[in-house]
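First the structure, in the form of structure tokens, and then the observations on it.
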Amino acid sequence: MTKIFASVFAVALLASAAAAAPGDIIRSQSISGQPSYGVRGLAKDWDTGDIWIAGPQGSNNITYTNMDCESMSPGSWNGASGMGWVFDIGYGYEDGGTTYLLMNDQYAPFTKMIDPATGSYDGNLPDYYSSADYTDGCSVDWDDNYVYMSSYGSDDIVYYDGSSWNVLTTVSGGLNMGTAVAWEHLFIIRTSPHYTIEVYTIDGTFVESITLNSWPSGQYLIGLAPGREDAAGDSESLFFADFITYQVHEVEVGDFSESLQRSTWGSIKASF
């Protein structure tokens, strides 16, 4: 009888996972040892599968570490120099033989290059947004070393090609709080009152808008990173954080990992 119950329970769990929908929160968790203001930025390390996370331990004291995607357990926390505050972060930006964490600061220059091995501030990207806009979203495309950014105060979603910023698309109304590049798509998370994830192909074509299902009104979002493939059935996930509970959340976004072949984005951008 016990074996029968266990089998039924396992089937029920599988059915529940299969019935989950894009926009459903899969998990929510406060991260062990996290900064006093919680996690603010998240970025995928495609080499290890981990997520880099960062947050403010008070002004001018930014800490960061890597987080296991399955257990949501962090490694040892380290300090980042040259930072005043931190919004979203990106990882994988190559420059001079070093793979950098990009951290978006409240103070100019707004996107700082942090060596994850030492925490040192080694330079910065040129600014696109103004301080009034806030440079909130950051993600690196590992295919071409392009950097994608969004802003709370600007409709422009932009990319940096190593020499200049270019507008990829506009998402009207601002409040764009994080970006993530994964599976040949760009994901943009928005905060109050929208609570959606806008999805584009990497060439800037709009795909869909995913509503965060049952998300509490007034619970502001920040940061975004690719999560797990097949996290809920065939659907992938993203990780983000919020200002209110100081938790990191995993959200289902649909089946993207097999949806597109490798794009010719580099040649497309060259024609702009």
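Any read-out appearing in this document is the output of simple, stated calculations on the displayed coordinates, not a laboratory observation. For clarity, every value in this text was computed on a predicted model and none was experimentally measured. Neighbour counts run over all protein chains shown; Cβ positions are idealised from the backbone, glycine included.
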* Value of D in µm² per second that Stokes-Einstein yields for the chain, Kirkwood Rh from Cα pairs, at 20 °C (1.002 mPa s) -> 115
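From Cα pairs below 8 angstrom and at least 6 apart in sequence, can you work out the relative contact order of the range 130-249, rounded to a whole percent?
17
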* Counting only C-alpha contacts under 8 Å and six or more residues apart, can you give the relative contact order of the chain as a whole percent? => 17
* To do: Please turn the phi angles of the range 57-62 into ³J(HN,Hα) values with the Karplus equation 6.51 cos²θ - 1.76 cosθ + 1.60 (θ = phi - 60°), one per residue in order, whole Hz, x for glycine and proline.
  => 9, x, 4, 6, 8, 9
* To do: Multiply the residue separation of Asp230 and Ser172 by 0.36 nm, subtract the distance between their alpha-carbon atoms, and state the gained length in nm to one decimal.
  => 17.8 nm
* So which chymotrypsin sites (Phe, Trp or Tyr not before Pro) in the range 165-220 end up in coil per DSSP with only 14 or fewer other C-beta atoms within 10 Å? -> Tyr220
* Structure fact -> Sites removed, the longest contiguous part of the chain containing no DSSP-loop GluC sites (Glu not before Pro) with at most 12 other Cβ within 10 Å is 71-257
* **Simple label model, 7 Å out from Cα along Cβ direction - Val207 to Tyr37, nm** => 3.2
* To do: Could you calculate the contour length gain from Ser71 to Ser28, that is, 0.36 nm times the residue separation minus the distance between their Cα atoms, to one decimal place in nm?
  => 14.3 nm
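What order, most packed first, do the peptides 42-49, 174-181, 78-85 have when packing is the mean number of other Cβ atoms within 10 Å of each residue?
174-181, 42-49, 78-85
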* 3J(HN,Hα) from dihedral phi, the range 82-99, Karplus parametrisation 6.51/-1.76/1.60, rounded to Hz, x for glycine, proline -> x, 9, x, 8, 8, 10, 6, 10, x, 9, x, 6, 9, 7, x, x, 10, 9
* Structure fact -> Which residues qualify? For Tyr93, with a placed amide H closer than 5 Å and at least 5 residues away or on another chain, they are Tyr100, Leu102
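Apply 1/(1 + (r/R0)^6) to the Cβ-Cβ distance of Asn78 and Asp143, taking R0 = 30 Å, and write down the FRET efficiency to the nearest 0.05.
0.60
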